[in-house]
Amino acid sequence: MPYTAVATSTTPVLILYLLDISGSMSQMLGDKRRVEIVSDALQEIATEMVARSTKGELVSPRYRLAIYAYESQVHDVLGGIKTIDQFVRDGVPEFAPRGGTNTAGAFLAAEQLLLQELPYMSGHPAPLICHMTDGEYQGDDPTPIVQRIMGMGTNDGNVLVENIFISDKILKAPVEDAYAWQGITSEADLASDYARALLRMSSPLPESYRAEMQEFGYSLLSGAPMMFPAQTRDLIRMAFTMSGATPVA
Amino acid sequence: MPEIITINQDSDTPARVERFPVGRLTYLYDRSADSRRGGAPGQDFIAFSGGADWLTFTLCDGVSQSFYGDLAARFLGERLTGWLADLAWETLPDDLGTLGSRLGEQLNQTLRLWTKDATDLVAEKPISDLLPGMVRDALEHKREVGSESMFVAGRIDMSRWVLVVCWMGDMRLWLWDADNQPFELPDAVWETRERWSSKHGPKNGLARVAVVPLERVARITAHSDGVGSRAPELQWLTPERLDQLAEDLRSQPASDDISILDVWLTPEPLNEALPAPTFAQPDPDEPILHWTAVEGAEWYRVQVRQKGIWVRTIDTHSPNLILPGDLRGEMHFQVQAMSAERAPGELSSAISLKLPVALPPKPPPAVSIPSAPTVRAPASSTPSTVPEVSGAKPVSVFQPVSASALHGGTLNLLAVLLALLLSIGWIYLNVGTH
């Protein structure tokens with residue numbers, strides 16, 4: 001059964017964050033800049049990953065993380081892949097928004113990383129890419145790259161691609177309660193062509209992830225696209241929680 | 001509280017046999033590979049207690065996603081073993097069905113009452129300041145949730161001729177008949193989500209109780225879920241096979257703590273007990289007990305009491321013991337030599353020690369375990385190879401990685417070269433003089 005391999009210190013899961021830090025990320029969302037809310041969410045999920053990796057006070061390296069922040073250029077924020085215990089020591093980086101939105105570049109870098117790592121990940125949980133953006137891409141269309149990535153994987157399953165779209169123009173009807181929301185059920189729910197494009201670049205939610213999200217109080221349906229309208233902090237938090245929902249030992 | 005024997009959580013106990021009036025006890029405690037590498041305690045727990053015609057036992061599996069699952073495992077293990085040992089049979093019905101229901105009600109009520117003491121324990125548990133902030137935050141968040149554990153516990157009672165079993169969670173208990181064939185515990189359901197919580201008591205369900213007449217029961221085996229799919233191998237159980245099983249499981253990616261306890265109901269006369277060791281006079285400045293070795297002893301058991309009340313037992317393989325750092329106040333110790341083939345050894349005279357004594361500085365906690373060796377390419381930094389979109393030069397938009405790592409590497413290289421030069425010089429001088 002796919003997506004049931006558990007993350008252990010011997011078979012850690014690889015989570016790759018692709019974070020849009022283009023100039024528009026300095027815009028406000030509520031009382032904070034979008035980029036600050038993303039940093040906060042990253043801090044929260046990192047703490048949650050630590051909690052899921054901790055037995056007593058011992059942190060087992062069950063997660064391997066890479067963060068690519070992109071604008072016109074793509075930046076390897078952590079200088080490679082870090083295990084969660086290494087990440088804990090270094091802390092969550094801060095970002096300074098600028099430049100354009102080279103989404104294709106970010107996914108291309110992710111593809112290259114996966115090509116390097118996947119041959120050594122037999123028995124590991126399928127990797128997950130968590131992509132966060134607040135606007136339409138500039139330059140090349142990332143769709144073919146993402147489709148290639150979604151065809152890669154381990155014997156646990158294909159690489160999962162999750163998209164978080166910070167915009168209030170995604171859904172025709174806003175999400176009132178992040179915990180009661182079951183996910184996007186059809187393209188008809190979406191309000192823009194780019195939202196529909198992102199939907200097609202999002203993996204269906206595996207049952208094991210749905211069960212883990214249920215433990216956090218969320219009501220997503222199995223098979224729902226892993227695409228989240230990040231209109232509120234609650235939704236951003238839910239989306240980042242999803243990125244850490246690989247079953248652990 | 002009766003004397004309760006507890007198996008160390010912070011070390012591994014290879015398969016061991018002990019004799020009790022009701023039968024032969026075999027048990028094993030093995031920490032996960034992660035815990036071993038990190039020098040951390042396991043989160044399983046084993047405890048047992050025995051009298052002339054009864055034996056109680058508890059196995060616990062602390063929930064690692066809770067706050068220090070080993071804390072709940074120990075607390076619950078000790079309490080349950082004592083509760084089963086103190087069953088007031090005269091107040092309980094004879095009919096087995098009604099007995100099971102009544103015990104279930106009493107147990108669930110007791111499990112809720114214990115949350116008060118357990119919550120205090122959780123609140124008092126210190127978190128080291130030396131841990132990184134994110135780890136402390138995660139642990140404090142866990143503290144709000146509480147400490148949790150699954151359990152399976154039982155009482156073998158020869159006078160009543162019954163086996164009482166209680167459990168929550170997905171630990172396992174096997175019953176074997178006189179032909180060593182397994183049979184089911186009637187109506188047993190093992191639910192992973194059910195557990196005891198220091199904050200709530202029974203969680204995601206109620207504790208389950210079953211009462212089984214001993215007529216058909218020749219053997220009982222309880223184990224934690226770390227045994228996994230290898231459980232059927234417990235049918236033919238020897239200490240050697242158990243040790244091999246533990247070694248095999250330890251090498252698995254999802255290596256988990258393993259606790260196994262097995263009771264053969266074979267009342268047999270016990271061989272003469274080993275004589276009592278003699279304590280050496282303890283140094284009041286050193287938290288270590290020493291005693292004379294006893295010929296034939298396979299291990300030693302130290303009993304700890306405070307104001308006449310049993311606190312715990314601690315097993316050790318050598319005739320000395322470094323005292324645990326959590327003992328406080330005036331403590332009284334006795335030690336006995338143990339062997340699989342003999343009755344429990346004679347108890348030594350008691351000595352007293354006021355604790356704590358001066359302890360050596362504690363090293364910083366091992367925050368992370370060394371990664372298990374794997375054959376893989378080194379994790380590489382992958383600078384962007386994507387053509388620039390705008391033509392602007394790439395600029396750093398976050399704090400750059402410091403150059404200290406490179407600088408440190410250069411210094412290491414110089415140290416190696418210097419050592420090499422000195423070695424060559426030493427060799428030259430020595431060879432030259434001959």
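The values are calculated or read from the model by the stated rules, or taken from the named source; none is laboratory data. Bear in mind the structure is a predicted one, so any value in this text is a computation, not a measurement. Here the Cβ positions follow ideal geometry from the backbone for every residue, glycine too, while neighbour counts run over all protein chains shown. The protein model used for the area step is the full one, side chains on, heavy atoms only, and it has no ligands, DNA or RNA in it. Shrake-Rupley method; radii C 1.70, N 1.55, O 1.52, S 1.80 Å.
Tabulated results
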quantity: Set B:Leu185, B:Leu139, B:Leu131: member being open to solvent by less than 60 Å² (accessible area, probe 1.4 Å), within 14 Å of chain A (Cβ to nearest Cβ) and assigned to a loop (DSSP other than H, G, I, E, B); calculated: B:Leu131
quantity: Residue match in region A:207-223 (condition: open to solvent by 10 Å² or more (accessible area, probe 1.4 Å), over 20 Å from A:Pro125 (Cα atoms), free of Cβ contacts under 8 Å to residues at least 40 places away in the same chain and touching a strand residue (DSSP E or B) at 6+ places or on another chain (Cβ under 6 Å)); calculated: no
quantity: Counted residues, region A:65-82 - those being open to solvent by 20 Å² or more (accessible area, probe 1.4 Å) and more than 7 Å from every other protein chain (Cβ to nearest Cβ); calculated: 2
quantity: Sole residue being open to solvent by less than 10 Å² (accessible area, probe 1.4 Å), touching a helix residue (DSSP H, G or I) at 6+ places or on another chain (Cβ under 9 Å) and closer than 30 Å to A:Val6 by Cα, chosen from B:Ser251, B:Ser255, B:Ser259; calculated: B:Ser259
quantity: Flag if A:Glu94 is surrounded by fewer than 22 Cβ atoms within 10 Å (Cβ to Cβ), within 11 Å of another protein chain (Cβ to nearest Cβ) and over 15 Å from the mean Cα position of the chain (by Cα); calculated: yes
quantity: Selection within region A:13-36 - β-branched (Val, Ile, Thr) and part of a helix (DSSP H, G or I); calculated: A:Val35
quantity: So A:Pro229, is it closer than 30 Å to B:Asp34 by Cα and touching a residue at least 60 places away in the same chain (Cβ under 8 Å); calculated: no
quantity: Residues (among the hydrophobic types (A, V, I, L, M, F, W, C), in contact with a strand residue (DSSP E or B) (Cβ under 9 Å, 6 or more places away or on another chain), modelled with pLDDT of 85 or more and farther than 17 Å from A:Thr241 by Cβ) located in region A:162-183; calculated: A:Leu171
quantity: Yes/no for B:Glu105 being within 18 Å of the chain's Cα centre (by Cα) and in a helix (DSSP H, G or I); calculated: no
quantity: Count - residues of region B:87-109 that are farther than 17 Å from B:Ala210 by Cβ and β-branched (Val, Ile, Thr); calculated: 1
quantity: Candidate set: region A:47-64, residues that are within 14 Å of the chain's Cα centre (by Cα) and open to solvent by less than 10 Å² (accessible area, probe 1.4 Å); chosen: the one farthest from the other protein chains (Cβ to nearest Cβ); calculated: A:Tyr63
quantity: Qualifying residue in region A:28-46 (condition: open to solvent by less than 30 Å² (accessible area, probe 1.4 Å), in contact with a helix residue (DSSP H, G or I) (Cβ under 9 Å, 6 or more places away or on another chain) and not aliphatic (A, V, I, L, M)); calculated: no
quantity: Residue list for region B:50-74, filter: more than 14 Å from chain A (Cβ to nearest Cβ) and either open to solvent by 20 Å² or more (accessible area, probe 1.4 Å) or part of a strand (DSSP E or B) (or both); calculated: B:Gly50, B:Ala52, B:Asp53, B:Trp54, B:Leu55, B:Thr56, B:Phe57, B:Thr58, B:Leu59, B:Cys60
quantity: Test set (1) at the interface with chain B (Cβ under 7 Å from one of its Cβ atoms); (2) among the aliphatic types (A, V, I, L, M); (3) touching a Phe, Trp or Tyr at 6+ places or on another chain (Cβ under 9 Å); (4) not in a strand (DSSP E or B) - A:Leu108 fails condition number; calculated: (3)
quantity: Matching residues, region B:302-347, being touching a Ser or Thr at 6+ places or on another chain (Cβ under 7 Å), touching a residue at least 40 places away in the same chain (Cβ under 8 Å) and open to solvent by 20 Å² or more (accessible area, probe 1.4 Å); calculated: B:Arg312, B:Pro319
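For every residue, the table says whether it meets (1) assigned to a helix (DSSP H, G or I); (2) farther than 23 Å from A:Ile45 by Cα.
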residue: A:Tyr179; (1), (2): no, no
residue: A:Ile184; (1), (2): no, no
residue: A:Ala188; (1), (2): yes, yes
residue: A:Ala195; (1), (2): yes, yes
residue: A:Leu198; (1), (2): yes, no
residue: A:Met213; (1), (2): yes, no
residue: A:Leu220; (1), (2): no, no
residue: A:Gly223; (1), (2): no, no
residue: A:Asp234; (1), (2): yes, no
